[in-house]
Amino acid sequence: MKCMPFVVAALGLAAGTASGQPLDLVPSSRPHAPSALAAWSHAGAEFTLPPSPRGPASPLTLGFEARAWELSFQSATPRERDIDWLGLLTQQVRVDATMHWLRLPQPKVHASLYHSRYFRSYGEALKGYYSQPLRWGDGDDFWTNNVGHPVMGALYAYTFTDYDRRCSNLAYGGRGYWRCMRRAAIYAGLASVNWEWSPLMSESAFGNVGRFYTCENGRCRGEGGWTDFVVTPLGGMAIRVTGDMARTSLWPVLDRHLSSNSAAKAVKYTLKALSAPGHFLNCAYKADFRNAWRATPRPRRPA
């Protein structure tokens, strides 16, 4: 059985970072607490690393330590008015690797990873998107295409603004907010294309989506469609902006009126999660759990 060792190794390396597994590229010993906490403080994360156990480390501990090592490589004096490309690309690889890791149990991914015509099949996958007649749907169900993919588009938008220092602390309604959203929309579109067509970490490479396409009795079915290039970024930006509005206007009201007892708090957290799903998914990737429930302050309007 032939396979692609270098491709599988790349996926394993990226997935190891996303899942918090220690990599050979970093020292085998755990980082000292002062340096780790300093890295977290520099990144603005309000979370304390758990103590290092004497026995085997838990997956949660490994995840926090991997994040601390990642932050330790960043500059201690961040520059103004530019994009942290190292942090942005690292985070994007972690996002894509995690999604591919979740796709691995699917039979179509197994078949493409172990056949001997990998590069030819990748080319066929790209051609499949242009087969006639052009198709909008990609064979996924309604919830995947119209809910799951837009949430991922919102995550892409948050990923960009987190590492664009002009936008990282900007609340809805603040000066420059819509300029940041325009740049985030462009990035979400590029990230969607990367997810579908990249030769290294895409659905066309892992699973060869778009290659298998048949028409019977006038009804066509396939795995690759143009919906992901449109619905993912546009729907994602709608979810992103709606979530920013909710965190600025709705969440302070929920905090004032739904904090008296356990039932009220459960309702509050449920409403927060439903109103800003992209924000919660982004916080989960960054292990920033405290900030996940925190509302953004209302920006001051210029006089």
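Taking the criterion of being at pLDDT below 85 and of a type in the set (Asp, Glu), would at least one residue in the stretch 210-226 satisfy it? Looking through the stretch 210-226, at least one residue is at pLDDT below 85 and of a type in the set (Asp, Glu). Could you please give the count of residues in the stretch 153-183 that are assigned to a helix (DSSP H, G or I), under 23 Å from Trp195 (Cβ atoms) and without any contact (Cβ under 8 Å) to a residue 60 or more places away in the chain? The total comes to 4. Consider the stretch 277-303 and keep the residues that are in contact with a Lys or Arg (Cβ under 6 Å, 6 or more places away or on another chain) and modelled with pLDDT of 85 or more. The one that is farthest from Asp162 (Cα to Cα) is Ala295. Asp140 meets each of the listed conditions (1) crowded, with 16+ Cβ neighbours inside 10 Å; (2) within 21 Å of Phe280 (Cα to Cα) apart from (2). Taken over the stretch 255-293, the criterion of being surrounded by 13 or more Cβ atoms within 10 Å (Cβ to Cβ), touching a residue at least 40 places away in the same chain (Cβ under 8 Å) and more than 20 Å from Met181 (Cα to Cα) is satisfied by Asp255, Tyr285, Lys286, Ala287, Asp288, Phe289, Asn291. Once the stretch 110-136 is narrowed to residues that are under 14 Å from Arg211 (Cβ atoms) and modelled with pLDDT under 70, the residue that is surrounded by the fewest Cβ atoms within 10 Å (Cβ to Cβ) is Phe119.
The values are calculated or read from the model by the stated rules, or taken from the named source; none is laboratory data. Keep in mind that this is a model prediction, so the values were computed, not measured. Reconstructed Cβ throughout: ideal geometry from the backbone, glycine too, with neighbour counts over all protein chains shown.
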